[in-house]
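Working notes for the structure below.
The values are calculated or read from the model by the stated rules, or taken from the named source; none is laboratory data. The model shown is predicted, which means the values in this text are computed figures rather than measured ones. Virtual Cβ from ideal backbone geometry, glycine too; neighbours counted across all protein chains shown.
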Amino acid sequence: MRRLRVFGSLVKDSLDIITHGSKKYHLWMASLTLVMLVGMYCYSIQLEQGLSATGMTDRVSWGLYISNFTFLVGVAAAAVMLVMPTYVLKDIDFKQAVLIGEGIAVAALIMCLAFVIADMGGPSVLWHMIPGIGVFNFPNSMLTWDVLVLNGYLFLNITIPFYILFRHYQGKKSKSSVYVPGALLSVFWAVGIHLVTAFLYQGLQARPFWNNALLGPRFLASAFAAGPALIILVLAIIRTYTAFKIEDKTLKKIAMVVTVAAQINLIMLVSELFKEFYAPTHHSESAYYLFFGLDGKTALLPWIWTAISLNVLATVILTFHKLRNNFKVLFFACLILFVAIWIEKGFGLIIPGFIPGPYGKIAEYTPTGIEIGVTLGIWALGAFIFTILAKTAIKIETGAIRYNKK
Amino acid sequence: MSNDTKKWFSLNLGSKKKQKETTCGCGKTDGGCSFANTYNGMGEERHKDGFDQVFDVQMGRRTAFKKLTAGLLIGAGAVSTSCSLITDDDTKEKAQIDWEEQFKGNYKLMTDEEKKSTVDRLVRSYQLRTGKTISMSSQNAEENVLFGYAFNISKCQGYMDCVNACVEENNQDRKSEMQYIRIHEMEDGKGFNFNEADDNYYHEVPAEGHFYMGTQCFHCDNPPCVEVCPVEATWREEDGLVVIDYDWCVGCRYCMAACPYDGRRFNWSKPEVPENEVNKNQHYLGNRLRKKGVMEKCTFCVQRSRAGKNPACVEACPTGARIFGNLLDPNSSIRWVLENKKVFRLKEDLGTEPKFWYFMD
């Protein structure tokens, strides 16, 4: 009963927090709302017309939605790089960052689910996928594994921070015996979500571009580079605009994680390129399309070369201690690394899987305005959710709101 | 497929002959036999005995769900009947049908009665909407039937009559010009070079110095598309047909990514078939009208093949390049082709075991 009262008060306080703020905050939230509304309008058009409102066709049947989904699973998984040191290894330097990281994971997962739903032909019959009342093709279909791990990870990433914040809200210390098992589980789970998502593609013998044993490990490496890079950027913003203290040491440690992951990612990229181009086979055609174009069809060329140059540049910058320890340079490197991996693990991975088609047909894909609108709307949704979560968490952590304080 | 322990079908015709006894002895060589017409799969109940009665009940969760929805249904029905004075009986019936269709189960798991009632609902719904009557079958696979297909590369001249017949027979979307069959025009002397082949030609055929090869769903015995479906909306029937329950499909298109043969199509918008062109002889798993956002594909014209006829493409082919029949019938023409011609299949290294063979004269 008491707990319910505390919970009620927490909800009231956080509602109070998220509806009040500086002018900049209101402007930020208003613009996100606007983008979300535009996205919803685009989605309503898509619902009305069907998926023909997007650029996808029978030849390229997954596009921007699934690309963003794949990338965001990686972002969500990256929170673990902060969770593990803090909760399990007791590295207090990460402590301030971990709640933010988990907030990003929650927002990213919700975006993932939104992208999958946006991609569905029949969202009204999605209950067919609910175990129990529908038919759940487990364990045969990797998509059912993905549904399970994503929702499980979402649950973990909501409950652990919620427990900690709930205790802190009451001015109590959180008991490590309660949250450490959960945190430990989420460490393995994070690797699981990204590996399972990679297996979704890796298991298809029909698509040689994906059917490659390095796909899973490369997913992990790129995720552990892009995710923490985003966390660094977010922490930089938070530390400028709020009273939340984040020490330089924390940022530097996360930057180290990003650096190592980016280096491993680059090594794997080299290995992949070597395999595709040293002795090209029939199966290297998708890679040819991606990097050089086939038959004069070159839609992805500018994107992938931008991604590769940004990726290399960022990795080089991060590798030198002097450059990395300069925060302005670090933030720049994180930004370009994030963009590079978004291209590379997003449509740089999904689209070439379909080109050339099973019988060599080269039909290109360009997203439509509707599709881009929905995509932006979902990103805005993610940012909106994250802002709400982060704002509440920061206020609790800094002690600005406490149960029965007033 | 007499050997149940085998994971998928493999071509072992010599040993099969001894074990096989076809259900009918009419001796017709192609496409099954007319006896099939008299067979009524719907009325037949499979009786379970022993522990099967207890353990082999697949409908547990669905019946539970149905009971739940039945409650809701009665409630909704009562509300709409009592509150509305203007709606007529037809509208109410339509609403009732739509509601039941929205919350029905997976066709694959339905009993024969449930299959029949959903088919009846669909027929009635079409009648209410258009005033026209269609016939829809829910005929199950017959025993000792395994459909197979062979394509004679030497004979095909690229006329595409098969494509047209397929579109008309299977009520495919006319607006997006959906076609299950693709005819690849290949250059002589280059072998089976799909990369340079043209599957979208608009000129007089046969073009000088070219040969033609048709592809469609190969009805693999180890179909990758079936494995990946998250909701089991697509499956391999006993007679080897790989089919889709259009009403159960959620439209994720994972099967499309998994198919190595470009055999699947998606309804990107609401399919449109002019009312006077609708083929009214339908099968639930075959050519009934689809909706937007679901997968569809070649079913070897299940509405025809299970009724003992050849698929529309086979019948339409003016050159006789297409052979269809029961692989388990030693007298069928498909068996003759497999035993006497040098046959091959596409992408055999993927282990999909297609039931679609190519051969040359």
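General remarks:
- Residues of region B:270-314 that are touching a residue at least 12 places away in the same chain (Cβ under 8 Å), more than 17 Å from the chain's Cα centre (by Cα) and outside any loop (DSSP other than H, G, I, E, B): B:GLU275, B:GLU277.
- Matching option when the condition is modelled with pLDDT under 95, more than 14 Å from every other protein chain (Cβ to nearest Cβ) and not in a helix (DSSP H, G or I), among A:LYS90, A:LYS95: A:LYS90
- Qualifying residue in region A:142-165 (condition: at the interface with another protein chain (Cβ under 10 Å from one of its Cβ atoms), over 17 Å from A:LEU200 (Cβ atoms), without any contact (Cβ under 8 Å) to a residue 40 or more places away in the chain and in contact with a Phe, Trp or Tyr (Cβ under 8 Å, 6 or more places away or on another chain)): no
- Listed by first and then second residue, the pairs with beta-carbon distance under 8 Å, at least 6 apart or on different chains, first residue in region A:84-101 and buried (at least 19 other Cβ atoms within 10 Å of the Cβ), second part of a helix (DSSP H, G or I) and of a type in the set (S, T, N, Q), are A:TYR87/A:SER176; A:PHE94/A:THR86; A:PHE94/A:THR250; A:GLN96/A:THR250; A:ALA97/A:THR86; A:ALA97/A:THR250; A:VAL98/A:THR86.
- Residue that is nearest to B:THR234 (Cα to Cα), among those in region B:93-117 that are basic (Lys, Arg) and touching a residue at least 40 places away in the same chain (Cβ under 8 Å): B:LYS108
- A single member of B:VAL205, B:VAL226, B:VAL231 is part of a loop (DSSP other than H, G, I, E, B), within 13 Å of another protein chain (Cβ to nearest Cβ) and either of a type in the set (Val, Ile, Thr) or over 28 Å from A:HIS282 (Cβ atoms) (or both), and it is B:VAL231.
- Scan region B:138-195 for residues that are in a loop (DSSP other than H, G, I, E, B) and over 24 Å from A:LYS361 (Cβ atoms) and the total you get is 12.
- Filter result (within 14 Å of chain A (Cβ to nearest Cβ), within 19 Å of B:ALA321 (Cα to Cα) and touching a His at 6+ places or on another chain (Cβ under 7 Å)) within region B:173-196: B:GLU185, B:MET186, B:GLU187
- Considering residues of region A:338-364 that are away from chain B (no Cβ under 13 Å) and assigned to a loop (DSSP other than H, G, I, E, B) only, the residue nearest to A:GLN202 (Cα to Cα): A:GLY346
- Test: residue in region B:314-333 that is touching a Gly at 6+ places or on another chain (Cβ under 8 Å), farther than 19 Å from B:VAL242 by Cα and within 14 Å of chain A (Cβ to nearest Cβ): no
- Screening region A:324-350 for residues that are surrounded by fewer than 24 Cβ atoms within 10 Å (Cβ to Cβ) and among the β-branched types (Val, Ile, Thr) and picking the one that is farthest from A:LEU64 (Cα to Cα) gives A:VAL329.
- Qualifying residue in region A:185-199 (condition: within 14 Å of chain B (Cβ to nearest Cβ) and either touching a residue at least 60 places away in the same chain (Cβ under 8 Å) or not in a helix (DSSP H, G or I) (or both)): yes
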